[in-house]
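The values are calculated or read from the model by the stated rules, or taken from the named source; none is laboratory data. What you are looking at is a predicted structure, and each value in this text was computed from that prediction instead of being measured. Note that we place each Cβ from the backbone using ideal geometry, even for glycine, and neighbour counts take in every protein chain shown. Each accessible area value is taken on the protein alone, full model and side chains, heavy atoms only, with ligands, DNA and RNA left out. Shrake-Rupley method; radii C 1.70, N 1.55, O 1.52, S 1.80 Å.
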Amino acid sequence: MSSPEQIWPEEFARRYRERGYWRGETFGQMLARLGCEHGERTAVVDGDRRWTYAELARRARQLAQGFAGLGLDPGTRVLVQLPNRAEFLSTVFGLFHAGLIPVYALPAHRETEVLHLARKSGARAHVIADRHEGFDYRPLARRVLDEVPEVSRVIVAGDVGETNFTPLEALEGAEMAEPVARDPGSVAFLQISGGSTGLPKLIPRTHDDYLYSFRASADICGLTPDSVYLAALPVAHNFPMSSPGIFGALIAGARVVMSPNPSPETAFALIAREGVTITGLVPPLALVWLQAAPRTKHDLSSLEVLLVGGAKFMPDAAARVRPVLGCTLQQVFGMAEGLVNYTRLDDSEEIIITTQGRPISPDDEVLVLDDEGNPVPEGEPGHLFTRGPYTIRGYHDEPAANARDFTPDGFYRTGDIVRRLPGGYLEVRGRATDHINRAGEKISAEEVEDHLLAHPSVFDAAVVSVPDRFLGERSCAFVVAAEGEPPSVRDLKAFVRARGIAEFKVPDEIVLVPAFETTALGKISRKALRAALKERYLEQKEGSPA
Ligand code: AMP
Ligand code: DBH
């Protein structure tokens, strides 16, 4: 199992250091420093628990010693699958302090995804919560432990129940005084890509590059030690982790408030109680908040900034943020692979409502190219390519994807279609790849097709995105049945769900069709097939009475 790495050509690395983006600080050093600088300020609030910076740093030192005592040596990967709880922070900083490498699984991930992530990363331990939102993670962890020989430990935040797993609490004993020295240019953690093909890919991010991205984000989002950041989306996602997210809040000395879920009922009470000043949402949730806010009994007046991103936020909805919530909208268009764009807080209302912002860094290189690879004029749509001081040069252990998604000179092919406007602002117009962006969760059409094809009564399947008034996009699977009794839609959904995948990947709609179109030459490409099916679907919807 090769260790993950992320390497920029030396001339780029030198420039990024010279310009002060890469400062040579590791996550372990960062928390130790923040523990000194902000010692008695509150770092994180979770229900009735409030930890100061000094306490978070102490817990990280204790957990680091605990992890080392389990035989996890520096450089070892550890799967972290935790919801929005204070333990997310103590765990990941404990791992950083011990020189270990977290691999961020989502709470929504199930056996199929977690097994894949464990194998692909070479993880040796799995940190879970006992239960969250009605799901028990312990049987899932048992399965991973049994099936992946390298995984030898399960650590549980909460009740270990009938298992012989290790309680996280039991690791909080003696302290490891100093963080294990790590090269700041080495991989700090593995982030997950939403991915347009197959299973999620692993994104190696370094200390240097990631610290830059959230330090600069904290600045662009106006964070100060008096700010209060509400973590409403699941923090394992790149957006609430780093744009500016929990890490951006901490590096600014601000307070992180963990919300167990993003519903208005839960989040509004926390905003009022903690005086939350800033938070981030995906567009469908922003719509729910806009609807709920006028009727709430909670005082939301502390809210200064609402970040919205992950999927396109339509201008008519964007225009309602200030009148309804009384705060500034900040659009954010980012990706776990790197590049993040923000509208700036002092931009005109026009820019804030109609664009997805401009890059963080003067050294973010952005190309907008036509199908042949030639630059398009400003204002014309084209394919977005990017490279820069916090954009990866390749995924972990994915030679085929790396050859496809990165150009020979190191640009990442984002798959997004954008227009570049004056001042470098970008407007997202759509995308060139076949993934479904369901309320900000990216779903690979190919991955879901593979699950459907495993069903004995399925001859062929094609999954497409269709517009959805609420989710932005939902998934629709077209299925050609094999000979014999055709499967029912309900069976197919149950079958896919039983494959142990995140619920958001189960097709929202399934349409049985007699056959797929082929050309005279034989089968048409999956991409063309999906496009044709999507067109036919939309035409039928328009033709049918409402
Ligand atoms: P991932 O690579 O899985 O982190 O997903 C990143 C992708 O999410 C981007 O390449 C876009 O397709 C999409 N995305 C993120 N933010 C926005 C936004 N504000 N507007 C439109 N699409 C977005
Ligand atoms: O969708 C994303 O991946 C995303 C959205 C906003 C992201 O990674 C980010 C900001 O950093």
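Solvent-accessible area per residue for the chain at a 1.4 Å probe radius, Å²?
The answer is 40 Å² per residue.
Summarise the long-distance tail of P(r) for segment 335-378 by giving the % of C-alpha pairs beyond 18 Å.
Pairs farther apart than 18 Å: 47 percent.
Could you give me the radius of gyration and the Dmax of segment 303-414, taking only the C-alpha atoms into account and expressing both in angstrom?
16.1, 49
What is the Cα coordinate range of segment 432-496 on the first, second and third principal axes, sorted by size from largest, in whole angstrom?
Answer, in whole Å and largest first: 37, 22, 15 Å.
Using a 1.4 Å probe on the protein chains only, how many percent of the accessible area of the chain belongs to carbon and sulfur?
With neighbouring chains kept in place, the figure for the chain is 50 percent.
Set the Förster distance to 41 Å, then compute FRET efficiency between Ser525 and Arg497 from the Cβ-Cβ distance, nearest 0.05.
0.90
Compute the length gained on full extension between Ser2 and Thr112: take 0.36 nm times their separation in residues and subtract their Cα-Cα distance, giving the result in nm to one decimal.
Residue separation times 0.36 nm, minus the Cα-Cα distance, leaves 37.4 nm.
How much solvent-accessible surface does Trp51 expose, in Å² to the nearest 10, with a 1.4 Å probe and all protein chains in place?
10
For segment 198-248, what log10 I(q)/I(0) values come out of the Debye formula at q = 0.12, 0.13, 0.17 1/Å, with one point per alpha carbon and no solvent?
Scattering profile of segment 198-248, log10 relative to I(0): -0.29, -0.34, -0.54.
Write down the radius of gyration of segment 130-259 and its Dmax, each obtained from C-alpha positions, in Å.
According to the Cα coordinates of segment 130-259, Rg and Dmax are 17.6, 48 Å.
When the label point is put 7 Å from the Cα of Leu369 along its Cα-to-beta-carbon vector, which residues of segment 391-408 have a backbone N closer than 15 Å?
402-408
What fraction of the DSSP beta bridges in segment 405-546 is antiparallel, stated in percent and rounded to the nearest 5?
Of the beta bridges lying entirely in segment 405-546, close to 85 percent run antiparallel.
Out of all DSSP beta bridges with both ends in the chain, state the antiparallel percent to the nearest 5.
Just about 55 percent of them are antiparallel.
Roughly how many Å² of Arg273 are accessible to a 1.4 Å probe, to the nearest 10?
Roughly 120 Å² of Arg273 is accessible to a 1.4 Å probe.
Please work out how much accessible surface Tyr537 shows to a 1.4 Å probe, ignoring ligands, DNA and RNA, in Å² rounded to 10.
Roll a 1.4 Å probe over it and Tyr537 shows about 10 Å².
Taking the Cα centroid of segment 300-370 and of segment 46-90, what is the distance between the two, rounded to the nearest whole Å?
32
What is the P(r) of the chain, as percent of Cα-Cα pairs per 10 Å bin from 0?
4, 18, 29, 28, 16, 5, 1, 0
Translational D (Stokes-Einstein, µm²/s) of segment 435-543 at 37 °C and 0.692 mPa s when Rh comes from the Kirkwood sum over C-alpha pairs?
231
Per residue of the chain, what 222 nm ellipticity follows from adding -39500 (n - 2.57) for every DSSP H run with n ≥ 4, rounded to the nearest 500?
When only DSSP H runs of four or more count, the value is -9500 deg cm²/dmol.
Any idea how far the Cα center of segment 431-460 sits from the one of segment 122-151, in Å?
So the two Cα centres are separated by 25 Å.
Normalise the Cα radius of gyration of segment 59-137 by 2.2 N^0.38 Å (N = residues in it) and let me know the number. List each step's numbers first, then the result.
Details: Rg = 12.2 Å, N = 79, 2.2 N^0.38 = 11.6 Å.
Taking N as the residue count of segment 59-137, the ratio is 1.05.
Got the relative contact order for the chain handy, in percent, Cα pairs under 8 Å and 6 or more residues apart? Write down the numbers at each step before the final one.
Details: 1171 pairs, mean separation 63.2, N = 546.
The value is 12 percent.
Starting from the coordinates of the alpha-carbon atoms of segment 1-148, obtain the Kirkwood hydrodynamic radius over all distinct pairs and give the value in Å to one decimal.
After inverting the pairwise mean of 1/r, the radius is 16.9 Å.
By accessible area of protein heavy atoms, probe 1.4 Å, what ranking do Glu150, Glu162 get, highest first?
Result of the area sort, largest leading: Glu162, Glu150.
Taking H placed 1.01 Å from N in the peptide plane, check which residues at least 5 places from Glu473 or on another chain put their amide H under 5 Å from its amide H.
Correct list: Ala439, Asp468.
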